[in-house]
Amino acid sequence: MSRIFMPEYRPCFAKGKKALFHCWATESVVRLLGDNFLATYGIVEMEDGRVEKVDILRIRFVDKKLSEYSFPDKK
């Protein structure tokens, strides 16, 4: 029997709307002047089912996932 790995999608607001974050994506962007750079985007699923590429500054996570990684103070 094989197992199917289901990724954990994180709830977020993307462009001010409810969404599920899937992953980060990086792509090469070439400007008219010939220089190029790497741009990172989030791939999110909007509430209506559309999948969009969203600028990282327009994503806000809301699941408090970071609290799972905090370490208690030892005194």
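The values are calculated or read from the model by the stated rules, or taken from the named source; none is laboratory data. The structure displayed is predicted, hence computed values, not measured ones. We place every Cβ from the backbone using ideal geometry, glycine too, and count neighbours over all the protein chains shown. Ligands, DNA and RNA are excluded from the accessible area calculation, which covers all protein heavy atoms including side chains. Shrake-Rupley method; radii C 1.70, N 1.55, O 1.52, S 1.80 Å.
Provide the solvent-accessible area of ASP48, counting protein heavy atoms only and rolling a 1.4 Å probe, rounded to the nearest 10 Å².
For ASP48, the solvent-accessible surface is approximately 100 Å².
May I ask you to derive the FRET efficiency for ARG50 and GLU8 from their Cβ-Cβ distance with R0 = 22 Å, giving the value to the nearest 0.05?
My answer for the efficiency is 0.60.
Rolling a 1.4 angstrom probe over the protein chains, ignoring ligands and nucleic acids, what is the accessible area of TYR41 in square angstrom, nearest 10?
50 Å²
What's the FRET efficiency of GLU27 with LYS65 using the Cβ-Cβ distance as r and R₀ = 22 Å, to the nearest 0.05?
E(calc), rounded to 0.05, equals 0.30.
Ordering VAL30, VAL54 by how much accessible area each has at a 1.4 Å probe, largest first, what is the list?
Of VAL30, VAL54, the descending order of accessible area is VAL30, VAL54.
Residues with beta-carbon under 9 Å from that of ILE43, excluding ILE43: net charge, scoring Lys, Arg +1 and Asp, Glu -1?
Value of the local net charge: -1.
Tally Lys/Arg at +1 and Asp/Glu at -1 over every other residue whose Cβ is under 13 Å from the Cβ of ASP55; what's the total?
Summing Lys/Arg as +1 and Asp/Glu as -1 gives +2.
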